[in-house]
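Here is the structure we will look at, set down as structure tokens.
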Amino acid sequence: MKYIYGPVKSRRIGYSLGLSLVPYKLCNYDCIYCQLGHTTKKTTQRKEYIKIKDILTELKSFVRTPDFKNMHIDYITLSGTGEPLLNSKISLLIKQIKEITPIPIALITNAYFLSRKDIRGEILDVDLIIPSLDAIDKDTYVAIDKPEGDGLATDSQSYKPEGDGLATDSQSYKPEGSGSVESIIDGLVNLRREFKGKIYLEVMVIKGINDKIDNFKKLNDLLVKIKPDKIHLNTPKRCASQVGVLAPDKNTLRKIKNILGANCEVV
């Protein structure tokens, strides 16, 4: 199969049947921990990189096979080898999947595009969203995720937060642009207000970069508004795209987990 992979056993969501919505390593980030290696095409341009009709044709054929009928699948997962929200027709795909199978749909996203209300509206019919938040300050965000535009505006207009906005410290922040870490945090807050399904927030914890205890105390303050159903602490486990990207020790992870509370787990 070209666009479908699995099902694979996921530490986070059980048995997952994955769908690839964009070509290999097409992303708006170049995360230093990515097990797939460096991003080969970094962009924020959304379009129908892979035709939705082609994905659906493959899925329809697959669900008619005897193998499918004997499989246990917890979620059909929109993820793949790049950022799925770069596919501008994702809402059509979600709608059509719902007509093909009752299996719940999960979306794994780096959360970059969640600052946009129109894009949040495209994904409200999935059952589970797993967004990433690896940093709450610009320097750490740029160091880990290496976003297109270095965390600044992605267009000529300044970012204007919806609602009340947020601050990552005791002072009000001044958002730098759509795609900034502040806009991503605002997007997560607004997603919780609009989305009726489950949100599992994923945080990649990297030794010496974002594993300071004070960092997670500040994150815990933000979680009051983000309100995820679960927090998943992830660590680099396989070959990362950058040498020297390591997991913190177990004691550090235990302290972080205790700070973030009962709905936090190390995956």
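Using all Cα-Cα distances in the range 38-81, what percent lands in each 5 angstrom bin from 0 up to the longest?
P(r) over the range 38-81, rounded to whole percents: 5, 14, 19, 23, 15, 11, 9, 5.
Let me have the relative contact order for the range 1-70, percent, based on Cα pairs under 8 Å that are six or more residues apart.
Relative contact order, the range 1-70: 27 percent.
Which residues does a label at Thr101 reach in the range 66-85, if reach means a backbone N under 19 Å from a point 7 Å past the Cα toward the Cβ?
The answer is 66-81, 84, whose backbone nitrogens lie closer than 19 Å to the label point.
With an 8 Å cut-off on Cα pairs and a minimum separation of 6 or more residues, tell me the relative contact order of the chain in percent.
Numbers: 517 pairs, mean separation 49.8, N = 267.
Relative contact order here is 19 percent.
Ranked highest first by average number of other Cβ atoms within 10 Å, how do 98-108, 35-45 line up?
Descending mean neighbour count gives 98-108, 35-45.
State the antiparallel share, in %, of DSSP beta bridges confined to the range 4-266, rounding to the nearest 5. Let's see the in-between values first.
On the way: 5 of 31 bridges.
Among the beta bridges of the range 4-266, antiparallel pairing accounts for roughly 15 percent.
For Thr252, what charge total do you get from the other residues with a beta carbon under 10 Å from its beta carbon, if Lys and Arg give +1 and Asp and Glu give -1?
Working: positive: Lys207, Lys212, Lys250, Arg254, Lys255, Lys257; negative: Asp211, Asp249.
Result for the local shell: +4.
When Lys and Arg each count +1 and Asp and Glu each count -1, what net charge do the other residues less than 15 Å away from Ser20, Cβ to Cβ, add up to? Don't jump to the answer; show the numbers that get you there.
Numbers: positive: Lys2, Lys25, Lys41, Lys51, Lys53, Lys89; negative: Glu48, Asp54, Glu58, Glu83.
Charge balance in the 15 Å sphere: +2.
Of the chymotrypsin sites (Phe, Trp or Tyr not before Pro) in the range 15-117, which ones lie in a loop per DSSP and count no more than 14 other C-beta atoms within 10 Å? Don't skip to the answer; put the middle values down first.
Numbers: sites: Tyr15, Tyr24, Tyr29, Tyr33, Tyr49, Phe62, Phe68, Tyr75, Tyr112, Phe113; in loops: Tyr24, Tyr29, Tyr33, Tyr49.
Within the range 15-117, the qualifying chymotrypsin sites (Phe, Trp or Tyr not before Pro) (loop, at most 14 other Cβ atoms within 10 Å) are Tyr24.
So what's the gap between the Cα centers of the range 1-55 and the range 64-142, to the nearest angstrom?
10
Compute log10 of I(q)/I(0) for the chain with the Debye formula, placing one identical point scatterer on every Cα and leaving out solvent, at q = 0.12, 0.13, 0.16, 0.17 Å⁻¹, to two decimals.
At q = 0.12, 0.13, 0.16, 0.17 Å⁻¹ the computed log10 ratios are -0.72, -0.85, -1.31, -1.47.
So if I place +1 on the C-beta of Lys and Arg and -1 on the C-beta of Asp and Glu, and nothing else carries charge, what would the dipole magnitude of the chain be about its Cα centre? I want it in debye, nearest 20.
Values: 41 positive and 33 negative charges, 156 e Å.
So the magnitude is around 740 debye.
Looking at the range 1-135 from every direction and averaging, what is the projected area of its Cα convex hull in nm²?
Working: hull surface 31.9 nm².
If I average the Cα hull's projected area over directions, I get 8.0 nm².
State whether the range 16-62 is rounded, prolate or oblate according to the following rule on the C-alpha gyration tensor (a ≥ b ≥ c being the square roots of its eigenvalues): a/c under 1.5 gives rounded; otherwise a/b larger than b/c gives prolate, and the remaining case gives oblate. Don't skip to the end; give the middle numbers.
Details: a/c = 3.63, a/b = 1.69, b/c = 2.14.
Here the range 16-62 falls in the oblate category.
Okay, helix-only estimate at 222 nm for the chain: each DSSP H run of n ≥ 4 adds -39500 (n - 2.57), divide by all residues, round to 500 deg cm²/dmol; what do you get? Intermediate values should be presented prior to the final figure.
Details: 8 runs with 80 residues, N = 267.
Estimated from H runs of four or more residues: -9000 deg cm²/dmol.
Excluding Leu92 itself, calculate the net charge of residues whose Cβ lies under 12 Å from the Cβ of Leu92, where each Lys or Arg counts +1 and each Asp or Glu counts -1.
+1
Using a 10 Å cut-off on Cβ atoms, rank the peptides 115-125, 226-236, 84-94 from the highest mean neighbour count down.
By packing density, highest mean first, the sequence is 84-94, 226-236, 115-125.
Read-outs throughout are calculated quantities, based only on the coordinates presented, and are distinct from any laboratory measurement. Source: prediction; values computed, not measured. Here the Cβ is made from the backbone with ideal geometry for all residues, glycine too, and neighbour counts use every protein chain on show.
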